[in-house]
Structure formats: C-alpha cells, structure tokens
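A.B. asks: Could you have a look at this structure, given as structure tokens, before my questions?
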Amino acid sequence: MAKYKVKIGIIGGSGLNNPQNQILDNCKIITREEAKNDFGLPSSDLYQGYSNGVEVILLSRHGPSHKISPSAVNYRANIEALKLAGCTHILASTACGSLQECICRGQLVIPDSFLDRTISRKVTLYDGTSSRYAGVCHMPMEPAFDPNTSEILFEIGKELGYEIRKGGTIVTIEGPRFSSKAESNALRLWGGHLVNMTTCPEVYLAKEAGLLYASVAMATDYDCWRDCDDNVHATDVIAVFKQNVNKIKNILIKAIKVINERNWDEEIDSLQKLCQSSNVSS
C-alpha cells in the first residue's frame with residue numbers, strides 16, 4: 001500500500017492555456033482567490049478533476065488568453081498552489097526555440113538540465129515570505145528534472161510514434177523579447193539545446209517544494225541563429241505549437257495513467273529528505 005496518493009499538477013504553457021476540456025472529467029474550478037497563498041495569486045484558476053480515474057489539477061502559466069508575460073508570472077504562487085492542493089507531481093509544457101540543427105520544428109524534447117539567464121525573478125521559496133519555508137535552502141540541481149517522471153514522458157512519446165528526444169538543456173532567458181543573433185549563438189556555444197522564457201525558476205521552485213517535476217518541450221522555431229531561416233516571430237511560435245499541441249496532450253493523458261500505476265514513496269521521501277538536509281538553518 002503506497003504511503004502517498006498520486007495527484008498530478010499540469011502547468012500549461014503557450015498554446016496550451018485551456019486544456020481542461022480535453023483532459024479532465026468532472027471538472028471543478030478553484031478560483032485564483034481561493035488558491036491565494038503566502039506568495040500571492042497563482043496565474044489562473046485551478047481546474048481540478050480526473051483523468052483515467054487519477055486526480056489532476058490544471059493551471060495556465062500565462063493566465064487566460066495569455067495575458068501574463070514570462071517575467072510577470074508568479075511562479076512561486078503557482079508552485080505553492082499546486083503543493084497546497086496535494087499534488088505529488090508536476091507535468092509542464094513549454095514552447096521553445098531550437099538551438100541545434102538536429103532539433104527540428106515540431107519535435108518534442110524531454111529536458112534534463114537548464115541554464116538560467118533570467119535576471120528579475122523570485123528564485124527561491126526560502127526567503128522569509130512564508131513560514132512554511134523557513135531558513136536558507138541550498139538545493140542541489142542535479143538532477144534538475146525528476147528522472148523517473150521524465151523517463152515515463154519519453155517512453156510514452158516513443159510508443160505514440162512521435163519524434164521525441166531524451167535529454168537536453170533548456171536555456172531560460174528573461175524575455176519578453178527574443179534573443180539577438182549574438183545571444184542566440186552564445187547560447188549554442190554554451191551547450192544549450194533549446195531556449196525559452198519560463199522553465200526557470202519553475203523547475204527549481206518545484207524541487208524546493210518537494211514536487212516531482214518533468215517537462216515536455218516543443219521546438220517551434222530556430223530562434224535567430226540560423227542564417228538560412230526566418231527569424232523567430234511570436235505568431236509563428238504559437239502557430240507551430242497549435243499544429244502539434246495534440247501530441248503533448250496525448251502524452252500527458254497517457255502519462256497520468258502510467259504515473260498513477262507506480263509507487264512513488266521512495267522518490268517522494270528522498271526528495272523531502274533532500275529538502276530538509278539542504279536547509280542549513282534547520
């Protein structure tokens with residue numbers, strides 16, 4: 001008998017703002033005001049329901065109609081809202097620019113590391129804002145994404161016959177502007193495979209909160225480093241994502257079922273112990 005009941009939070013990014021109708025049964029809405037926590041209001045209402053009999057909560061990263069810019073997203077309130085709602089896992093989607101020739105438009109990537117180039121975001125839960133996160137926490141970031149949850153996403157993508165890559169480094173820039181050509185080439189030299197504006201701090205806040213986090217990234221463009229290609233444009237990004245968004249939905253729906261069939265006690269206990277041991281003030 002498992003100690004922890006699986007409950008999955010899904011954070012929908014660009015092009016996946018309102019997925020509840022395609023994923024959830026018996027949807028109940030928890031308003032932003034009801035989900036307000038020590039870190040403030042989450043980006044959207046929480047849509048709580050079931051998929052294949054598994055409890056799921058959906059949250060739109062950028063809010064309804066994509067009204068919140070990447071820098072203005074309250075990442076801490078989003079993570080805390082899902083934590084307080086009882087989630088054990090977070091599955092996230094993100095639209096990205098490809099920094100490598102081998103990652104083409106529409107291809108899916110399950111990232112395993114990140115480079116954080118953001119400059120103006122709240123980067124930890126442990127800053128005195130909430131009594132639930134007292135002290136100073138030096139959380140290790142390897143692995144950054146939960147390996148077992150990520151493996152499930154990858155294997156499902158393969159089973160469904162999608163073009164999907166296992167592993168990759170996402171570079172998160174501040175935005176909302178796109179990179180200059182010089183910046184784009186520098187990110188390539190640093191070993192980046194993808195570039196986006198939202199993985200950081202979301203991925204490491206989730207780890208601080210003790211949640212098993214994994215992401216499905218979709219390459220929608222080649223940023224602006226590629227001389228033979230058009231430069232990235234927001235309308236093109238959304239168009240490519242929408243053309244391929246059903247791939248991500250199908251992976252998420254099947255992943256929910258597979259995740260629920262496993263016992264996650266060891267992983268959750270291990271992460272909670274890591275959070276405790278990384279807090280030098282405790």
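The values are calculated or read from the model by the stated rules, or taken from the named source; none is laboratory data. This one's a predicted model, so the numbers in the text were calculated from it and none came from an experiment. Here the Cβ is made from the backbone with ideal geometry for all residues, glycine too, and neighbour counts use every protein chain on show. Surface accessibility is based on the protein's heavy atoms, side chains included, excluding ligands, DNA and RNA. Shrake-Rupley method; radii C 1.70, N 1.55, O 1.52, S 1.80 Å.
A.B. asks: Using the charge dipole of the chain (Lys, Arg: +1 at Cβ; Asp, Glu: -1 at Cβ; taken about the Cα centre), state which of SER130, ILE110, ALA217 has its Cα farthest towards the positive end.
C.D. replies: Selected residue: SER130.
A.B. asks: Can I ask one more? Under 21 Å Cα to Cα from LYS7, which lysines show up? Leave out anything in the same chain fewer than 8 places away.
C.D. replies: Correct list for LYS7: LYS28, LYS36, LYS83, LYS207, LYS249, LYS254, LYS257, LYS273.
A.B. asks: Measure off 7 Å from each Cα along the Cα-to-Cβ vector at LYS257 and LEU189, then give the distance between these two points in nanometres to one decimal.
C.D. replies: 4.8 nm
A.B. asks: Whole-Hz ³J(HN,Hα) for each residue in region 209-217, computed from phi via Karplus 6.51 cos²θ - 1.76 cosθ + 1.60 with θ = phi - 60°, x for glycine and proline: what do you get?
C.D. replies: 7, x, 9, 7, 10, 9, 9, 10, 9
A.B. asks: Which length gain, in nm to one decimal place, applies between LYS158 and HIS138 when the Cα-Cα distance is subtracted from 0.36 nm times their residue separation? All intermediate terms of the calculation are to be shown ahead of the outcome.
C.D. replies: Working: separation 20, 0.36 × 20 = 7.20 nm, distance 3.54 nm.
Answer, rounded to one decimal: 3.7 nm.
A.B. asks: While we're here: Arranged from highest to lowest average of other beta-carbon atoms within 10 Å per residue, in what order do the peptides 259-272, 51-64, 139-152 appear? Please report the intermediate quantities before stating the final value.
C.D. replies: Values: 259-272: 15.2, 51-64: 20.5, 139-152: 17.4.
Peptide ranking by packing, descending: 51-64, 139-152, 259-272.
A.B. asks: Starting from the Kirkwood Rh over alpha-carbon pairs, what translational D in µm² s⁻¹ does the chain have by Stokes-Einstein at 10 °C and 1.306 mPa s? Could the numbers behind the result be given before it?
C.D. replies: Numbers: Rh = 18.8 Å.
In µm²/s, the coefficient rounds to 84.
A.B. asks: If contacts are Cα pairs under 8 angstrom and at least 6 residues apart, what is the relative contact order of region 55-195 in percent? Working shown, then result.
C.D. replies: Numbers: 145 pairs, mean separation 47.1, N = 141.
Relative contact order of region 55-195: 33 percent.
A.B. asks: What is the local net charge at ILE259, summed over the other residues whose Cβ is closer than 15 Å to its Cβ (Lys, Arg +1; Asp, Glu -1)?
C.D. replies: On the way: positive: LYS5, LYS7, LYS254, LYS257, ARG262; negative: GLU55, ASP146, GLU151, GLU155, GLU159, GLU261, ASP265, GLU266, GLU267.
Taking every Cβ under 15 Å from that of ILE259, the sum is -4.
A.B. asks: Something else now. Helix 75-84 sits at what angle to the longest principal axis of the chain, using alpha carbons and giving 0 to 90 degrees rounded to 10?
C.D. replies: The angle comes out near 40 degrees.
A.B. asks: Counting only protein heavy atoms and using a 1.4 Å probe, what share of the accessible area of region 105-252 belongs to carbon plus sulfur, as a whole percent?
C.D. replies: On the way: 3200 of 6330 Å².
That share works out to 51 percent.
A.B. asks: In a Debye calculation with equal point scatterers on the alpha-carbon sites of region 129-278 and no solvent, what is log10 I(q)/I(0) at q = 0.18, 0.21 Å⁻¹?
C.D. replies: Treating every Cα as an identical point scatterer, log10 I(q)/I(0) equals -1.20, -1.37.
A.B. asks: Where is the GNM fluctuation largest for the chain (alpha-carbon springs, 10 angstrom cutoff): ALA206, ALA72, ALA35?
C.D. replies: ALA72
A.B. asks: Right, another one. Given Cβ point charges of +1 (Lys, Arg) and -1 (Asp, Glu) and nothing else, what value in debye, to the nearest 20, does the dipole of the chain about its Cα centre take?
C.D. replies: Values: 30 positive and 32 negative charges, 87 e Å.
I would put it at about 420 debye.
A.B. asks: Once both labels are modelled 7 Å past Cα along the beta-carbon direction, what's the ALA72-ARG177 spacing in nm?
C.D. replies: 1.8 nm
A.B. asks: OK, next. With a point put 7 Å past each Cα toward its Cβ, work out how far GLN272 is from GLU34 in nm, to one decimal.
C.D. replies: In this crude spin-label approximation the distance works out to 2.6 nm.
A.B. asks: Long-range amide H contacts for PHE114: which residues qualify at under 5 Å (H placed 1.01 Å from N, peptide plane, sequence gap of 5 or more or a different chain)?
C.D. replies: The list, which skips near neighbours in sequence, is ILE170.
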